[in-house]
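S.K.: The following block contains the structure, expressed as structure tokens.
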Amino acid sequence: MTITRFAPSPTGYIHIGNLRTALMNYLIARKAGGTFILRIDDTDPERSKEEYVDGIKQDLEWLGLTWDRFERQSERLDRYAEAADELRAKGRFYEAFETPTELDLKRKKQLNMGKPPVYDRAALALSDDEKAKLRAERSGHWRFKLDHERIEWADGILGDISIDAASVSDPVLIRGDGQVLYTLASVVDDMDMGVTNIVRGSDHVTNTATQIQIIEALGGTAPSFAHHSLLTGPQGEALSKRLGTLALRDLRERGVEPMALLSLMARLGSSDPVELRGSLDELVEGFDITRFGSAPTKFDVEDLFPLTARHLASLPYEAVAADVRALGVPDELAEQFWNVVRENITVKADMAGWWDLFRKGAEGAELSDEDRAFVGEAFAMLPPLPYTPETWGAWTSEVKEKTGRKGKQLFMPLRLAITGRARGPEMADVLPLLQTAPKL
């Protein structure tokens with residue numbers, strides 16, 4: 001069975017980059033009829049917050065990305081301790097004592113000598129007495145001892161990958177304060193939970209290489225890996241500087257619709273064109289991880305709004321009935337109101353402006369003195385409320401005959417005076433929704 005996972009840290013809200021990872025893993029699982037796991041990486045008690053756990057769940061539920069299984073790494077610390085003991089027994093785990101400052105000095109010295117900044121394994125040469133003396137001064141951290149050989153795998157997006165383990169520092173798996181780090185916890189979880197496919201960002205490639213060796217050292221088999229490209233801004237700039245405005249909850253607040261967001265992210269960076277889909281099932285059916293490329297992928301948040309507008313325009317009244325009623329639109333006008341405005345809004349919040357217009361009328365229309373005089377004359381010829389779909393045609397014909405105006409000179413000033421907008425729905429549809437007779 002295909003099993004995938006999304007493993008966010010609850011140290012903040014999900015942003016657009018996280019979503020890309022979550023969505024790809026979700027779509028792979030659903031397409032194969034497999035299992036999608038939501039796994040909270042909360043081994044850091046100081047930075048992890050319950051409000052972010054709740055926020056992660058809310059954001060995924062808003063998008064419809066339901067999980068089949070929920071796990072928390074903070075509840076599996078004993079299991080990580082067992083794995084650490086196993087690695088020690090196999091001679092693959094060793095204690096080191098360098099401080100961050102000492103490690104930084106080592107890196108700088110290596111770089112100055114033209115050498116890669118790889119940990120020199122000085123801790124392996126320490127005697128038991130030296131270790132005991134150091135332990136009295138400071139807490140030791142634990143590193144995984146890599147086999148210095150090439151680590152290779154067939155990546156689902158990047159193709160064949162080969163990394164020389166000698167060019168990588170032995171990774172720290174447990175910090176001096178005892179905190180289990182992602183690299184170990186993730187490996188143990190993936191093995192125990194039977195994860196078969198892992199999709200994540202290309203910034204994890206080196207990390208994947210070390211995790212493959214850890215998996216093998218623990219007697220497991222590495223899953224299939226695929227590393228998607230990283231997102232940039234529309235001009236190729238680093239997206240990290242803008243992530244504060246690209247949290248999913250912020251996009252939701254701005255009115256972005258789930259299917260617009262999912263439709264874009266399911267194709268962005270692939271060789272397939274972005275196409276608005278009507279359901280997650282359609283996205284699942286058309287998803288193919290091999291269609292994605294390795295080049296940095298440009299993301300422009302403004303692309304979400306035309307998609308949102310198209311999605312809303314496609315919705316039947318039943319899908320928005322609660323939103324329309326919440327505006328105070330009378331039940332007898334609600335469906336008619338939606339059919340009139342649906343193709344003239346970008347986000348649902350735009351409906352409020354239209355209902356205010358229909359309820360109270362437009363204010364402050366910018367008209368020339370000549371047009372203002374014309375509109376005043378025309379309004380005097382407008383029959384009393386209520387209006388019907390035939391009112392616009394009959395009225396404008398009478399105005400045309402009396403004033404001699406026609407075409408844009410006739411219709412545009414009247415549209416501007418009634419709606420305050422140069423564009424919008426057919427005026428024959430607008431007039432029956434007016435609750436107040438138009439006036440200058």
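What follows draws every value from the coordinates through simple rules; no lab data is involved. Just so it is clear, the structure is predicted and the values come from calculations on it, not from any experiment. We place every Cβ from the backbone using ideal geometry, glycine too, and count neighbours over all the protein chains shown.
S.K.: Over the range 224-311, what is the relative contact order in whole percent, taking alpha-carbon pairs under 8 Å and six or more residues apart?
M.R.: Computed value for the range 224-311: 42 percent relative contact order.
S.K.: Taking the Cα centre of the chain as origin and charging only Cβ (+1 Lys, Arg; -1 Asp, Glu), how large is the dipole, in debye to the nearest 20?
M.R.: I would put it at about 820 debye.
S.K.: For the Cα atoms of the chain, what angle does the longest principal axis make with the long axis of helix 331-341, in degrees from 0 to 90, nearest 10?
M.R.: Once rounded, the angle reads 80 degrees.
S.K.: Right, here's the next one. Given only helices, namely DSSP H runs of n ≥ 4 each adding -39500 (n - 2.57), what is the per-residue ellipticity at 222 nm of the chain, to the nearest 500 deg cm²/dmol?
M.R.: Per the formula, -13000 deg cm²/dmol.
S.K.: Also, quick follow-up: About the Cα centre of the range 232-313, how large is the charge dipole given +1 on each Lys and Arg Cβ and -1 on each Asp and Glu Cβ? Please answer in debye to the nearest 20.
M.R.: With only Lys, Arg, Asp and Glu charged at Cβ, the dipole is about 280 debye.
S.K.: With a Cα-only, solvent-free Debye model of the range 292-429, what are the log10 I(q)/I(0) values at q = 0.10, 0.17, 0.19 Å⁻¹?
M.R.: With one equal scatterer per Cα and no solvent, log10 I(q)/I(0) is -0.45, -1.00, -1.14.
S.K.: Still on this structure, please answer the following. Residue-wise, which Karplus ³J(HN,Hα) couplings in Hz belong to the range 168-178, taking 6.51 cos²θ - 1.76 cosθ + 1.60, θ = phi - 60°, and x for glycine or proline?
M.R.: 10, 5, 4, x, 6, 10, 9, 6, x, 8, x
S.K.: Still on this structure, please answer the following. Taking θ as phi - 60°, what are the ³J(HN,Hα) couplings along the range 101-107 by the Karplus curve (6.51, -1.76, 1.60), each to the nearest whole Hz, with x for Gly and Pro?
M.R.: Values, residue by residue: 5, 5, 5, 5, 5, 4, 4 Hz.
S.K.: Another question about this same structure. Looking at the square roots a ≥ b ≥ c of the eigenvalues of the Cα gyration tensor of the range 232-313, which shape do they give, rounded for a/c under 1.5, prolate if a/b is larger than b/c, or oblate?
M.R.: oblate
S.K.: Within 10 Å, at most 14 other Cβ atoms, and a DSSP state outside H, G, I, E, B define an exposed site. Report the longest part of the chain free of exposed GluC sites (Glu not before Pro).
M.R.: Formally, the longest exposed-site-free interval is 47-148.
S.K.: Next up: Helix 317-326: angle to the longest alpha-carbon principal axis of the chain, degrees 0 to 90, nearest 10?
M.R.: 80
S.K.: Here is a follow-up. Which angle from 0 to 90°, rounded to the nearest 10, does the C-alpha axis of helix 408-419 make with the longest principal axis of the chain?
M.R.: 70
S.K.: Whole angstrom only: what separates the Cα centroid of the range 200-271 from the Cα centroid of the range 296-314?
M.R.: If we compute the Cα centre of each part, the gap is 18 Å.
S.K.: What does the C-alpha gyration tensor say about the overall shape of the range 361-440? Classify as rounded when a/c is under 1.5, otherwise prolate if a/b is larger than b/c, or oblate.
M.R.: Rounded, because the longest to shortest axis ratio a/c is under 1.5.
S.K.: Which residues' amide hydrogens lie under 5 Å from the amide hydrogen of residue 315, considering only partners 5 or more residues apart or on another chain, with H built in the peptide plane?
M.R.: none
S.K.: Looking at this model, which pairs from 106/145; 49/298; 298/348; 360/400; 402/439 are more than 21 angstrom apart at the alpha-carbon?
M.R.: Table pairs above 21 Å Cα-Cα are 49/298; 298/348; 360/400.
S.K.: Note down the relative contact order for the chain as a percent, whole number, built from C-alpha pairs under 8 angstrom at least six residues apart.
M.R.: Rounded, it is 13 percent for the chain.
S.K.: To check you understand DSSP bridge types, tell me what percent of the beta bridges within the chain (both residues inside) are antiparallel, rounded to 5.
M.R.: If we restrict to bridges inside the chain, about 50 percent are antiparallel.
S.K.: Can you tell me how much longer the chain between residue 175 and residue 369 gets when fully stretched, taken as 0.36 nm per residue apart minus their C-alpha distance, in nm with one decimal?
M.R.: Answer, rounded to one decimal: 62.2 nm.
S.K.: What list of ³J(HN,Hα) couplings, whole Hz, do you get for the range 257-268 from phi and the Karplus terms 6.51, -1.76, 1.60, once you set θ to phi - 60° and write x for glycine and proline?
M.R.: Result, rounded to whole Hz: 8, x, 5, 5, 5, 5, 4, 5, 6, 6, 10, 4.
S.K.: Search the structure for amide H atoms under 5 Å from the amide H of residue 150, placed 1.01 Å from N in the peptide plane, and list their residues when 5 or more places away or on another chain.
M.R.: 165
S.K.: Oh, and also: Show the residues, 5+ positions off or on another chain, whose built amide H is closer than 5 Å to the amide H of residue 35.
M.R.: 2, 3, 4
S.K.: Which stretch or stretches of the range 246-269 have amide N atoms under 16 Å from the point lying 7 Å from residue 202's Cα along the Cα→Cβ direction?
M.R.: 268-269
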